[in-house]
Each structure stands twice: as C-alpha cells, then as structure tokens.
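Colleague: Dropping a structure here in structure tokens format, bear with me for questions.
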Amino acid sequence: MLVSLTVGKVDAGVTVLLTPDKRLIEFPSILLPPDISSGSIVDINVARNKASEAHAERAFRSLQDSILSSFGADAPSPPVLRCRNATQTSVVLEWDPIHLATADLISLALYRNGQKAGNIPKPLEMHSTKISGLAVDTEYTFHLILRTTAGTFASQRVTVRTHKMTDLSGITITLGILPAVVKEGLTAAVERIGAKIVDGVRIDTTHFVTTEGRGIQWEKANEMNIPVVRPEWVDACERGGRILGVTKFYLDAARVGPGSYETPLSATAPSPVPKQPEPQQQKDLPPQPPAAEPAVATTGAPSGEEAKEQGGGVESGSSDGEEDQEGDAGKDEENDAEPGYKALSGEQDHKELPSHPKQPTVEEGDNDDDDDDDDDGSNKGEDRKGSSSADEKGGEKDAGKKSPGDGASFQDVAL
C-alpha cells in the first residue's frame, strides 16, 4: 500500500508528517530522505512481512518450552518423615533428603502436637533429630513443614508413643572395649531383654557399655552425652524386668553389690590416698614494742650516784639514807592523802595515757602544810623534802614526753 504524506516540521530526531485528512504522524527522521524540508511530499509503501513473523514466533515458542522444562516441570517434594527409635523419654525421627528442584530453601521446621518445636539446623545436611524430655507412656504427633521459594510443603503426620518402664525394646547399645567372655554374655542378655546392639555410636544410641574408658567410640559417646556404663547395668535391667537408672553403674562409679562380670579396671584400681592438709604457717608477727619503763620507781630509793646523775641536788654521804627515809615517809602520807593521784601514777607507770594528770609541786605541798596542825610541822617539813625530791626525779624522766600542757602555764593546766 502506497501512502503520500506531507512533511510538516523536521527535527533532528522526529519529523511531523500530515495525512490528507490533516492528521499528524510522528515519523523517525532517519528513515526519510536527507534532502527533505517542510512542505515536501513523501511516498511511503507499507507491507506486512509474514515470513519474519513466523520466524519470530518459532523463536519465542522455543524459549517458552526451555523455561518450562527447566523450572516448571520439577517442583519441590514434601519431606518424608518417620520414627527411627523411641524410648521411655525420647524419640529419634528421620526423613529422606529434601528435594528442592530449582527452588531455594527458606526453612525446615519440626512441629509437635501441632505446635512448632523449632527449626532444623542445616536441613540440607541433617536428616535426623532427637527429641528428649518426653513423658513416659505418652503419645505424640510430629510433622515437618518445608518452606521454599516455590511454595510450602508439609510432610505426613507421624504418631509415636513413648515406652513403658517395663518395655526394654527401645534400648540401643554400642559396645566398647570388653573381654571376650563378657562380650558374649552381654550379647545374649541384650537379646533376651529385647534390646539391640549397633556398630558405632549413632544418634539413636542410648547407652555405651564398656569396661575401659578409652578409644574413639568412647570419646564420641562422651561428646554426645551418652551414658557410659558397665556391663552390670544390662544384667540388672534383666533381673529387675524394667529399665534402671545408670547412676550406680557409671564406668567411674563404685560397685554396689556382687557382680557377675569381671571388675573393671577403674573400679579395682587403688584409690589414691588423700594427702593430709599441711598446717598453715602463721605469719611472723611484728615484734612487740618494749614496755615503757616506769617514770617513778615503786620500791626503794635511788642511790646517791643515781640522784646526782638525775640532777636531784642531793648531797652524798650519810645524809642520803636519812633523806631517802624521809622521802619514803612523805610519799606514803601523800599517797594516803591523794588516792586518785596514786592510781593515776601507777597506771601511768605501765601505760601511756593520752593526757597526764596534774603533777604535784612544791607549792601545793606548802599549801597543804599550812592547813595541817602546828604540832606536825617538823614531820611535814620532812615530807616536803621527800616529795620535792621525788617530783624532781619524775619530772626529769618525763621531760622527754610530750603532754597536753606543754607550752601552757600551770594555771591553765589546772583549770
């Protein structure tokens, strides 16, 4: 079909063409002759290319078929769940490897009695799980939910009942290092109680029986927290007709009662003698400071030479003895007159007080003598000599000691 169009406006990219009925058509400028301008008339021949249409249709259908065969024909499959083993308090579940086809995995969750129990870690690698802490002789229902980018898929529901205490068919034993005789007897006992023995430690292994704590399987059982017991445990379960606790039958536990098997090495080995605790050595205490020497001697009188060294001013000769006797008599009377001072002075001889009592002086002695009768004047005079000499001796010894009255007058201290 031939169509004549009038060029209206020419731009670098688009040219406006006018039809005979004055309609505008935008046409690419690159498809028009290069020498056209506004007002030029161009003839355009329009025809349908059916061969090209058929070729494009075939290419499109081929692409659709390849997409359908790659992504649409194979879809993810629902997981297949089943019970592997059940005991009195646990259930071991397993399932086939997950088939995702071309979809991506989002999560794989386990549900118990219609409630989510948790997600399965590494679902592409793990194909079994163990549920512990169940009640004895109780029925449970389990199923899996698989979530992918292609949709959500649920497994069939599996109903499991835990065993009674008298049902020993759920016991799965892995044997460790055992003597030949013990191994034969143990195998026969396991068959009689209805349990089973498996090779190697697995997820459904309930007990590891051995007489020696060594070997690769023993280490693996410890890593998986599987009870490691002696052969006597199987024998005790057979005699009791029910499953027993393993506390008394651990490999490193002491034997209880006579056993029909050889004693394991760990049980016969002599227990180490506990060491007696060594007495703790007391730390050396710091040396005690020497007791303070009494300022005034309690018995006797100082000799003449000591009196000279102390500066008492007492003359040597026969007068020493007389003055000493007079001083002792004066001290006795003075102590009788002032019992409070005697107690303080005695206490001061053995312990330093924070404050020293007022020391008697010659002036106080003079005032006391004035209050006495005239008949005792001669005796009081001798008392004053003894007390003054004792005060001078005590004052010189206490000269190095600091008292609250240092630097103050006598009247201030008395007040």
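The values are calculated or read from the model by the stated rules, or taken from the named source; none is laboratory data. This structure is a prediction, so every number in the text was calculated from the model and none was measured. Virtual Cβ from ideal backbone geometry, glycine too; neighbours counted across all protein chains shown. The area values use the complete protein model at the heavy-atom level, side chains included, leaving out ligands, DNA and RNA. Shrake-Rupley method; radii C 1.70, N 1.55, O 1.52, S 1.80 Å.
Colleague: At a probe size of 1.4 Å, how large is the accessible area of Thr89, to the nearest 10 Å²?
Modeller: Accessible area of Thr89: about 70 Å².
Colleague: Between Val3 and residues 5 or more places away or on another chain, which pairs have amide H atoms under 5 Å apart, with H built 1.01 Å from N, and which residues are they?
Modeller: So Val3 has HN proximity to Ile44, Asn45, Val46.
Colleague: Do you know the relative contact order of the stretch 81-161, to the nearest whole percent, from alpha carbon pairs under 8 angstrom that are 6+ apart?
Modeller: Taking the mean separation of contacting Cα pairs over the length of the stretch 81-161, I get 36 percent.
Colleague: Please state the relative contact order of the stretch 13-105 as a whole percent: Cα pairs under 8 Å, 6+ residues apart?
Modeller: 16
Colleague: What is the local net charge at Leu175, summed over the other residues whose Cβ is closer than 10 Å to its Cβ (Lys, Arg +1; Asp, Glu -1)?
Modeller: 0
Colleague: Under 8 Å for C-alpha pairs, at least 6 residues apart: give me the relative contact order for the stretch 2-45, rounded to a whole percent.
Modeller: 48
Colleague: Structure shown: which of Lys196/Lys220; Lys220/Lys248; Lys122/Lys248; Lys183/Lys248; Lys122/Lys183 lie over 27 Å apart, alpha-carbon to alpha-carbon?
Modeller: From the list (Lys196/Lys220; Lys220/Lys248; Lys122/Lys248; Lys183/Lys248; Lys122/Lys183), the Cα-Cα distance tops 27 Å for Lys122/Lys248; Lys122/Lys183.
Colleague: For Thr148, list long-range residues whose amide hydrogen, built 1.01 Å from N in the peptide plane, is under 5 Å from its own amide hydrogen.
Modeller: Ile106, Phe153
Colleague: Another question, if that's okay. What is the dipole size for the stretch 161-201, taken about its Cα centre, with +1 at each Lys and Arg Cβ and -1 at each Asp and Glu Cβ, in debye to the nearest 20?
Modeller: Its charge dipole is roughly 180 debye.
Colleague: Next question, about the same structure. Hey, if we sort Glu125, Glu232 by accessible area with the 1.4 Å probe, largest down, what's the order?
Modeller: These residues rank, largest area first, as Glu125, Glu232.
Colleague: What distance in nm separates the two pseudo spin-label positions at Lys116 and Asp199, each 7 Å out from Cα along the beta-carbon direction?
Modeller: A separation of 4.1 nm, rounded to one decimal place.
Colleague: If you don't mind, there's one more thing I want to ask. Roughly how big is the stretch 1-154's charge dipole about its Cα centre, with Cβ charges of +1 (Lys, Arg) and -1 (Asp, Glu), in debye to the nearest 20?
Modeller: Dipole magnitude for the stretch 1-154 comes out near 340 debye.
Colleague: Still on this structure, I have one more. Go through the stretch 97-105 residue by residue and turn each phi into a ³J(HN,Hα) via Karplus (6.51, -1.76, 1.60, θ = phi - 60°); whole Hz please, and just put x for glycine and proline.
Modeller: x, 6, 9, 9, 6, 9, 7, 9, 7
Colleague: Quick check: residue separation of Asp35 and Asp137 times 0.36 nm, minus the Cα distance between them. What number comes out in nm?
Modeller: Result: 26.9 nm gained on full extension.
Colleague: Running Debye on the stretch 2-45 with equal point scatterers at the Cα sites and no solvent, what base-10 log of I(q)/I(0) appears at q = 0.22, 0.25, 0.29, 0.31 Å⁻¹?
Modeller: -0.64, -0.83, -1.13, -1.28
Colleague: If amide H atoms are built 1.01 Å from N in the plane of the peptide, which residues on other chains or at least 5 residues away come under 5 Å of the amide H of Thr15?
Modeller: Placed amide hydrogens put Phe27, Ser29 under 5 Å from Thr15.
Colleague: Taking a virtual spin label 7 Å from the Cα of Ile106 along the C-beta vector, which residues in the stretch 44-83 bring their backbone nitrogen under 18 Å of it?
Modeller: 75-79
Colleague: Oh, and also: Report the FRET efficiency, 1/(1 + (r/R0)^6), for Cys83 and Arg192, where r is their Cβ-Cβ distance and R0 is 22 Å, rounded to 0.05.
Modeller: It comes out at approximately 0.35.
Colleague: Using the Karplus equation 6.51 cos²θ - 1.76 cosθ + 1.60 (θ = phi - 60°), what ³J(HN,Hα) coupling, rounded to whole Hz, does each residue of the stretch 57-69 give in order, writing x for Gly and Pro?
Modeller: So the J values, rounded to whole Hz, are 5, 5, 5, 5, 5, 5, 5, 4, 5, 5, 5, 5, 5.
Colleague: Right, something else. With charges set only on the Cβ (+1 for Lys and Arg, -1 for Asp and Glu), what does the dipole of the stretch 2-45 come to about its Cα centre, in debye to the nearest 20?
Modeller: 120
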